[in-house]
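The values are calculated or read from the model by the stated rules, or taken from the named source; none is laboratory data. In this text, all values refer to a predicted model and were calculated from it rather than measured experimentally. All Cβ positions, even for glycine, are placed from backbone atoms using ideal geometry, and neighbour counts span all protein chains on display.
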């Protein structure tokens, strides 16, 4: 499943880059996308320029599995797809919401990693 964007952001941007990546992975692998199983329920500010702790605070409570998405999540091994991983706060927020909803396991597939030689990697 792709990292969801808030509906206002989607409306303004007109696309979700993580959803586009997830569609390609799904087409190549044959693994279906659990679209709509995870929602971004809180708009967040852009993460650019935020510290690791500010990023975690920014996405806290931003993701939720709605009642209608719980069947697609419960007991399943899921892969969250995102375009860029910096601090890991976004995918951590997604994984926490999915695990609270009963997912058996959550893995992450990213397409770029921001590396900081001064900071310890996640």
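Can you tell me which residues in segment 91-122 are part of a strand (DSSP E or B) and either surrounded by fewer than 11 Cβ atoms within 10 Å (Cβ to Cβ) or modelled with pLDDT under 90 (or both)? Steps first, please.
Here is the first cut: in segment 91-122, the ones part of a strand (DSSP E or B) are 105-113.
111, 112, 113 - these are the residues of segment 91-122 that are part of a strand (DSSP E or B) and either surrounded by fewer than 11 Cβ atoms within 10 Å (Cβ to Cβ) or modelled with pLDDT under 90 (or both).
Please verify whether segment 83-90 includes one or more residues that are surrounded by 13 or more Cβ atoms within 10 Å (Cβ to Cβ), touching a strand residue (DSSP E or B) at 6+ places or on another chain (Cβ under 7 Å), touching a residue at least 24 places away in the same chain (Cβ under 8 Å) and in a loop (DSSP other than H, G, I, E, B). Give the derivation first.
Going through segment 83-90, the residues surrounded by 13 or more Cβ atoms within 10 Å (Cβ to Cβ) turn out to be 83-90.
Retained after the next criterion (residues that are touching a strand residue (DSSP E or B) at 6+ places or on another chain (Cβ under 7 Å)): 83-85, 90.
Of the ones still in play, those that are also touching a residue at least 24 places away in the same chain (Cβ under 8 Å) are 83-85, 90.
Remaining after also requiring in a loop (DSSP other than H, G, I, E, B): none.
No, because not a single residue in segment 83-90 is surrounded by 13 or more Cβ atoms within 10 Å (Cβ to Cβ), touching a strand residue (DSSP E or B) at 6+ places or on another chain (Cβ under 7 Å), touching a residue at least 24 places away in the same chain (Cβ under 8 Å) and in a loop (DSSP other than H, G, I, E, B).
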